[in-house]
Number of protein chains: 2
Amino acid sequence: MTHLDAETERLLDASPVARLATIAADGRPQLVPIVFARSGGALWSPIDAKPKSGRLLARIRNVERDPRVALLVDRYDDDWRRLWWLRIDGRASIVHGDAAAETSLRAKYPQYRGGVALYGGEPLLVRIEPERVARWSAGASS
Amino acid sequence: MTHLDAETERLLDASPVARLATIAADGRPQLVPIVFARSGGALWSPIDAKPKSGRLLARIRNVERDPRVALLVDRYDDDWRRLWWLRIDGRASIVHGDAAAETSLRAKYPQYRGGVALYGGEPLLVRIEPERVARWSAGASS
């Protein structure tokens, strides 16, 4: 597991949404937006009670077949000097419940303390162990 | 090539940024934010003059090796009933210059009519031919 530096942690914590890329059975990239929080050096995303698309658990099936994933957070701004992105390549696994991760997710997202259940059914989480971090910004600082 | 319906076109045109997933040489997913515009039923993203990360042309090398890509646009909102995303699975190719695509990019992005050159060097564009569209929204309408 790669240690995340303080600036990377700050950018992750300030980003409510990330995009997760996994590999489908036919080798195609699969892409979906996710909510996530940090806990114990890993990133965690619950299979929550937000309505899901028909391909319900594609991300779970993909991760169980091939754990290699990429996660991207970025900032878009009409002033292109303010663009930045942060990509984490990592290994994902499916975890049945994790108290510390659940606490982190509820702390980051008030929605989980209100009307949205953290789990839509079984207590499933995608756990992403960072292996490599790439960071880019258009200006001098991100 | 899959025909894009009017609502898909509207969402694409209203989204200044998309995330592009390609497949790296080792089979890992590679993920990067891109600007893009529609032209002739395809999506086009220039290799422009914004500063680039060290892995300069990873997306180009990847597409030339394996044309299968996924592109995601999405809306994040603290009100989770307003979330939506749109994913396009397609085949990408690298094109040297395309007048219609350049016109579309300049029309969508005032930055290209101002200080940012449409091309950083050679006139290279990633052209994405849509093969499949998946659309999801949390509420009744996206």
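Observations
- Taking the conditions (1) farther than 19 Å from B:ARG135 by Cβ; (2) not in a strand (DSSP E or B) in turn, B:TRP44 satisfies each one other than (2).
- Scan of region A:87-119 for residues that are within 13 Å of chain B (Cβ to nearest Cβ), closer than 14 Å to A:VAL35 by Cα and open to solvent by 40 Å² or more (accessible area, probe 1.4 Å), ordered by number: A:LYS108, A:PRO110, A:ALA117
- Only one entry in A:ALA92, A:ALA100 is at pLDDT 95 or above, of a type outside the set (D, E, K, R) and part of a helix (DSSP H, G or I), namely A:ALA100.
- Looking across region B:120-133 at every residue that is at pLDDT below 95 and either of a type in the set (Asp, Glu) or open to solvent by less than 40 Å² (accessible area, probe 1.4 Å) (or both), the one that is farthest from B:ILE60 (Cα to Cα) is identified as B:GLU122.
- Here A:ALA58 does not fit the description of being touching a strand residue (DSSP E or B) at 6+ places or on another chain (Cβ under 9 Å) and open to solvent by 50 Å² or more (accessible area, probe 1.4 Å).
- Index of the failed condition, B:VAL17 passing every other in (1) closer than 26 Å to A:VAL133 by Cα; (2) open to solvent by 50 Å² or more (accessible area, probe 1.4 Å); (3) not polar (S, T, N, Q): (2)
- Any hit, region A:61-81, residues being open to solvent by 10 Å² or more (accessible area, probe 1.4 Å), away from every other protein chain (no Cβ under 14 Å) and not aromatic (Phe, Trp, Tyr): yes
- Condition met for B:GLU131 (out of contact with any Cys (no Cβ under 6 Å at 6 or more places or on another chain), on the phi < 0 side of the Ramachandran plot and away from chain A (no Cβ under 14 Å)): no
- All of (1) within 9 Å of chain A (Cβ to nearest Cβ); (2) buried (at least 18 other Cβ atoms within 10 Å of the Cβ) hold for B:PRO51 with one exception: (2).
- Test: A:ALA138 is crowded, with 17+ Cβ neighbours inside 10 Å, at the interface with chain B (Cβ under 10 Å from one of its Cβ atoms), touching a Phe, Trp or Tyr at 6+ places or on another chain (Cβ under 7 Å) and not aromatic (Phe, Trp, Tyr): yes
- Filter result (free of Cβ contacts under 8 Å to residues at least 24 places away in the same chain and open to solvent by 10 Å² or more (accessible area, probe 1.4 Å)) within region B:20-45: B:ASP26, B:GLY27, B:ARG28, B:PRO33
The values are calculated or read from the model by the stated rules, or taken from the named source; none is laboratory data. Quick caveat, the model's predicted, so the values are computed rather than measured. So basically every Cβ, Gly included, is an ideal-geometry build from the backbone, and we count neighbours across all protein chains shown. The protein model used for the area step is the full one, side chains on, heavy atoms only, and it has no ligands, DNA or RNA in it. Shrake-Rupley method; radii C 1.70, N 1.55, O 1.52, S 1.80 Å.
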